[in-house]
Amino acid sequence: MTEKSNHKIVVRMAPSPTGNLHIGTARATLFNYLFAKKNGGKFILRIEDTDKERSKKEFEDNILSGLEWLGLTFDEFFRQSERTEIYVNYVKKMIEEGSAYISKEEPKEEGQRSEVVRFKNPNKKIVFNDLIRGEVSFDTTELGDFVIAKSPEEPLYHLAVVVDDLEMGVTHVLRGEDHISNTPRQILIQEAIEAPRPVYAHLPLILDSERKKLSKRKHGEVVWVDTYKKEGYLPEALLNYFALLGWNPGTDEEIFSLEKLVKAFDISKVHKGGAIFDVKKLRWVNKEHLKLNKEKIEEEIKNKLKDKFRRDIHPKLVEVVFERIEVISDIDKLTDSGELDYFFNTPEVDTLKLAWKNSTTDEAKRNLNDILPILDNFDAIKKLAEERGQGDVLWPLRFALSGRERSPDPFTLIEILGHEESQRRIKNVT
Ligand code: GLU
């Protein structure tokens, strides 16, 4: 073994399966993954399902399939519900050694237990050095003798986390800032069981545009990775965007593959301040990744259009659609809104809108009639437009072909529609 592997970095992501894969969880998983890969370390995934009431198998499945879809693979996998015995041994040992005790409780409600296991708080000041936030200090007195197990057989969250991090040799804990207040409790337990203290890095929260924490309750399904998967975002684009939530490489570069992220990532460049989740930016990042996969995406566009219109699809139309989308689901939006219908069916054209600005309908018709014989000669049409005015010639042409005030340029339209159909549409309005 080399010296490096003796001192291997070990990180873990520890999601609780109490909901679908949240973008905050995915982002923290990514940062753990990047940190591990960058340093030749090990990445553990640990399902924290000690809360039996709130943990559900379907949420675990959703988390695991979401991470797989994103391509965030892990080296080892654990489930806390399968490790109770280990925690129980620690609780018993702590009770024996006096760092925890069974406490008789006065049940406040019916059914409440009359005994719990409490940690014997030494009531001291805890100082730790967070990789992102610098020195953090807490006076633990106010935490009191907090509960670490419902009974010696039913350990709770803080104890399980500390025991697992010890048993799994976790060297670095990278997790959301919402866990910062848990850290002093966990450090106290570590000290009691003589566990080494991992290095902490608390990642900034993901916020909405009003700087409020993103939550399912408040923001709905936009917090789920699944939502983006269903809308046809590319997994590599999501990862790329997640990486930018709280981190940047210190250059202008914004588009990264996972491989490039591993090279560029630097935990010391993660910001302290909250990261604003901006769907517009995400869509832009996705578009950049569509461009990197142009051929594959164009094939998808072609197939979707074929299914919808049951016609051969002109490659130029595929290009037009590619230009207009940022996410795969935009293709359906375009086809369903009828915005592409004029490519397949002769549109109704409102001849009152045929003329450009100050010119007349008669002038527009005259220009169109003069285009008819030179329809295949784009240079000749362009020359005519130079002579008589760009708008005066090209607007009526585009409008006659599409019936729409917004459409691709007339040359693109002629190419897609073909000579005959273009001629027919011009004749229809003149
Ligand atoms: N299980 C905790 C959660 O899902 C994370 C614990 C940790 O990362 O230390 O919020």
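What is the angle, in °, between the Cα long axis of helix 279-292 and the longest principal axis of the Cα atoms in the chain? Nearest 10 is fine, range 0 to 90.
That works out to roughly 70 degrees.
For Leu352 and Glu253 in the same chain, what is the full-extension length gain: residue separation times 0.36 nm, less their Cα-Cα distance, in nm? Don't skip to the end; give the middle numbers.
On the way: separation 99, 0.36 × 99 = 35.64 nm, distance 4.88 nm.
Here the segment from Leu352 to Glu253 would lengthen by 30.8 nm.
Can you give the Rg to Rh ratio for the chain, taking only C-alpha atoms and Rh from Kirkwood? Show your work: numbers first, answer last.
Values: Rg = 31.0 Å, Rh = 26.2 Å.
Checking Rg against Rh, the ratio lands at 1.19.
Sketch the reach of a paramagnetic label on Glu386 as a point 7 Å from Cα along Cα-to-Cβ, and name the residues of region 364-380 whose backbone nitrogen lies under 17 Å away.
So the set is 377-380.
Grab the eigenvalues of the alpha-carbon gyration tensor for region 237-383, scale each by 5, take roots, and send me the semi-axes largest first in whole angstrom. If you can, show how the numbers build up before the last one.
Values: eigenvalues 389, 73, 48 Å².
Semi-axis lengths for region 237-383 are 44, 19, 15 Å.
Which pairs break 29 Å Cα to Cα here: Lys56/Lys291; Lys280/Lys302; Lys218/Lys306; Lys291/Lys353; Lys120/Lys216? Please list the in-between numbers first.
Details: Lys56/Lys291 39 Å; Lys280/Lys302 25 Å; Lys218/Lys306 40 Å; Lys291/Lys353 36 Å; Lys120/Lys216 36 Å.
Lys56/Lys291; Lys218/Lys306; Lys291/Lys353; Lys120/Lys216, as the Cα separations exceed 29 Å there.
Report, largest value first, the span of the C-alpha coordinates of region 264-342 along each principal axis, in whole Å.
In descending order, the Cα extents are 54, 24, 16 Å.
Please say if region 34-89 is rounded, prolate or oblate, where rounded means a/c under 1.5 for a ≥ b ≥ c the square roots of the C-alpha gyration tensor eigenvalues, and otherwise the choice is prolate for a/b larger than b/c and oblate otherwise? Spell out each step's value before the answer.
Working: a/c = 3.46, a/b = 1.36, b/c = 2.54.
Here region 34-89 falls in the oblate category.
How large is ³J(HN,Hα) for each residue in region 370-386, as worked out from phi by the Karplus curve 6.51 cos²θ - 1.76 cosθ + 1.60 (θ = phi - 60°), to whole Hz, x for Gly and Pro?
Values, residue by residue: 6, 6, 2, x, 10, 4, 8, 10, 4, 4, 5, 5, 4, 5, 4, 5, 5 Hz.
Apply 1/(1 + (r/R0)^6) to the Cβ-Cβ distance of Lys108 and Glu68, taking R0 = 41 Å, and write down the FRET efficiency to the nearest 0.05. Don't skip to the answer; put the middle values down first.
Details: r = 44 Å, r/R0 = 1.07.
The computed FRET efficiency comes out at 0.40.
Under the rule of -39500 (n - 2.57) per DSSP H run of 4 or more residues, summed and divided by the residues of the chain, what mean residue ellipticity at 222 nm is obtained, to the nearest 500 deg cm²/dmol? Walk me through the numbers on the way to the answer.
Details: 19 runs with 197 residues, N = 430.
Taking each H run of at least 4 residues, the total per residue is -13500 deg cm²/dmol.
So for each of 319-332, 137-150 I average, over its residues, the number of other beta carbons within 10 Å; can you give me the resulting order with the highest mean first?
On the way: 319-332: 17.6, 137-150: 15.4.
Taking the mean over residues of other Cβ atoms within 10 Å, the ranking is 319-332, 137-150.
Pull out a ≥ b ≥ c, the square roots of the eigenvalues of the alpha-carbon gyration tensor of region 175-266, then state rounded if a/c is under 1.5, prolate if not and a/b is larger than b/c, and oblate in the remaining case. Each step should come with its number before you reach the end.
Working: a/c = 2.33, a/b = 1.46, b/c = 1.59.
Oblate, since a/c reaches 1.5 and b/c is not below a/b.
Taking a quarter of the surface of the Cα convex hull of region 48-154, what do you get in nm²? Could the numbers behind the result be given before it?
Values: hull surface 40.9 nm².
Result: a mean projected hull area of 10.2 nm².
Give me the dipole magnitude in Debye, nearest 20, for the chain about the Cα centre, with unit charges on the beta carbon: positive for Lys and Arg, negative for Asp and Glu.
Numbers: 69 positive and 76 negative charges, 87 e Å.
Using Cβ point charges on Lys, Arg, Asp and Glu, the chain gives about 420 debye.
Quick one: length gained pulling Lys280 to Arg310 fully straight, 0.36 nm per residue minus the C-alpha distance? Mind showing how you got there, number by number?
Details: separation 30, 0.36 × 30 = 10.80 nm, distance 3.27 nm.
Taking 0.36 nm per residue and subtracting the Cα distance, the gain is 7.5 nm.
What is the helix-to-structure angle for 315-324, meaning the angle in degrees between its Cα long axis and the longest Cα principal axis of the chain, kept from 0 to 90 and rounded to the nearest 10?
In the chain, helix 315-324 runs at an angle near 50 degrees to the longest axis.
All of the numbers you see were taken from the coordinates with simple rules; none came from a lab. Keep in mind that this is a model prediction, so the values were computed, not measured. Glycine gets a Cβ as well: all are built from the backbone with ideal geometry, and neighbour counts include every protein chain shown.
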